[in-house]
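Working notes for the structure below.
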Amino acid sequence: MKILHVLLTRLAIPPKDYGGTERVIWALAVAQREMGHEVRFLTKANPNNNPDVQLYDKSKPIHEQIDDWADVVHFHWPYDGELHKPYICTEHSNAELAKEYPINTVFLSSKHAENHGATCYVHNGLYWADYSEPNLTNPKDYVHFLAKAAWRVKNLQGTVEITKRAGKRLEVIGGKRFNFSRNPYFYFSSDIGFNGMVGGLTKDKLIKNSKGLVFPVLWHEPFGLAIIESMYLGCPVFASPFGSLPDIISHDGLGILSDSYTKLSEALKDVDKYDRRLCHEHAKTHFGHEAMGRAYQVCYEKVIAGETLNPTRPKSFGNVKALLQMRD
């Protein structure tokens, strides 16, 4: 099978240097090549002169830039135009405005699909060979937050409250100690460390030496790469039950889901009871690039056969990004 990925951003090569969506697409391409498929990309940039990359020409319509090479085209945004090839679209985020999606749109979790009036979803996966080996036996005495701290929906403030009640040191990955833009905050406590926006081995080291991820998000998380990265490196997860979280934290041994700050903080006090190896193996098995590749293969085969991925066109009514509430 010949697969063309269309993503109107720069390509994830090498994947460690790029954002979450690009890392997922790169992992998917690795899986597809391992399955014997040919893979190419249509993107806005090609910083490493990859021969499998075709540069997007903004002066031409998309359909004029896609030739007969591919058997199936995979858009990583909701393309809804004419095309002479079978295609699917993956929606990687939550809709801000009311809109209708192509019928062959794939979402990232069961709740993500449900919130857009759809049934088709494929969980994200990552290429675990790009990550460090997990620390399964002797983590240090802290837990971590992994997200853009300035985003209100990621709920750094709630994370600080949970860890304070539990008496745990917190390391924040994804923000500075003081923020005066949106979602302003500032923390002077020596029990909170701020590590800025870090990646690669620096991020891996902070995560794998942590006792757990605290993730009380205030929206329906479409997926959450921070969760599977943390689990792969050995961390149980203490999070709100919104969006994709029930799909990922599918049983008690992996952590706890609750909309109660009290319940999460009480569970965090007992963080050492969780099996770090179980967390690692679950992420490795269910959220690696191979599992994602197999799931998308089913989608490709359906559209090539003339079937649709959803019974009707998915729709969003513009309220998917609404702020959710936690209890005390």
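The values are calculated or read from the model by the stated rules, or taken from the named source; none is laboratory data. Please read these numbers as outputs of a predicted model, since none were measured by experiment. Cβ placement follows ideal geometry from the backbone for every residue including glycine, while neighbour counts extend to all protein chains displayed. Side chains are part of the model used for accessible areas, which takes the heavy atoms of the whole protein and leaves out ligands, DNA and RNA. Shrake-Rupley method; radii C 1.70, N 1.55, O 1.52, S 1.80 Å.
Which whole-number value in Å³ per residue fits the convex hull of the alpha carbons of segment 262-313? Please list the in-between numbers first.
Numbers: hull volume 6.4 nm³, N = 52.
Enclosed volume per residue, from the Cα hull, is 123 Å³.
Cross-link list K205/K273; K99/K302; K111/K140; K60/K203: which exceed 30 angstrom alpha carbon to alpha carbon? Show your work: numbers first, answer last.
Numbers: K205/K273 22 Å; K99/K302 24 Å; K111/K140 34 Å; K60/K203 40 Å.
Over 30 Å apart, Cα to Cα: K111/K140; K60/K203.
Tell me the angle of helix 156-166 to the major Cα principal axis of the chain, expressed in degrees between 0 and 90 and rounded to the nearest ten. That helix lies at roughly 40 degrees to the long axis.
Report the FRET efficiency, 1/(1 + (r/R0)^6), for K58 and R313, where r is their Cβ-Cβ distance and R0 is 30 Å, rounded to 0.05. Write out the running numbers ahead of the final one.
On the way: r = 27 Å, r/R0 = 0.90.
It comes out at approximately 0.65.
Across the accessible surface of the chain, with the other protein chains kept in place and a 1.4 Å probe, carbon and sulfur atoms take up 50 percent. Shape class of segment 1-146 from the alpha-carbon gyration tensor: oblate, with a/c at 1.5 or above and b/c at least as large as a/b. Listed options for Cα Rg over 2.2 N^0.38 Å are (1) 0.97; (2) 1.15; (3) 1.01. The value calculated from this structure is the one marked (3).
Within straight-line reach of K284, meaning a Cα separation under 13 Å, sit the following aspartates and glutamates at least 8 residues removed in sequence or on another chain: D130, E133, E229. Look at where the Cα atoms of segment 270-327 and of segment 95-144 average out, and the two centres are 5 Å apart.
Among the GluC sites (Glu not before Pro) in segment 91-126, those placed in a DSSP loop whose Cβ has at most 14 other Cβ atoms within 10 Å are E96. Using a simple spin-label model with pseudo-atoms 7 Å out from Cα toward Cβ, R152 and D80 lie 2.7 nm apart. Remark: the chain carries 44 Å² of accessible area per residue (probe radius 1.4 Å; ligands, DNA and RNA excluded).
By how many nm would the segment from F180 to D275 lengthen if fully extended, with 0.36 nm per residue of separation less the alpha-carbon distance?
30.3 nm
Our note on the geometry: Cα centres of segment 239-266 and segment 206-229, 11 Å apart.
Could you tell me whether segment 155-269 comes out rounded, prolate or oblate from its Cα gyration tensor? Rule is a ≥ b ≥ c as square roots of the eigenvalues, rounded for a/c under 1.5, then prolate if a/b exceeds b/c, otherwise oblate.
Details: a/c = 1.41, a/b = 1.24, b/c = 1.14.
The shape class here is rounded.
Note on segment 42-192: antiparallel DSSP beta bridges, both residues inside, total approximately 15 percent of the bridges counted.
How much FRET efficiency would the formula 1/(1 + (r/R0)^6) give for A98 and T285, where r is the Cβ-Cβ distance and R0 is 30 Å, rounded to 0.05? In this case the efficiency is close to 0.20. Could you tell me which chymotrypsin sites (Phe, Trp or Tyr not before Pro) in segment 39-84 are loop residues by DSSP with no more than 15 other beta carbons within 10 angstrom of their beta carbon? In loop regions of segment 39-84 (DSSP not H, G, I, E or B), the sparsely surrounded chymotrypsin sites (Phe, Trp or Tyr not before Pro) are W69.
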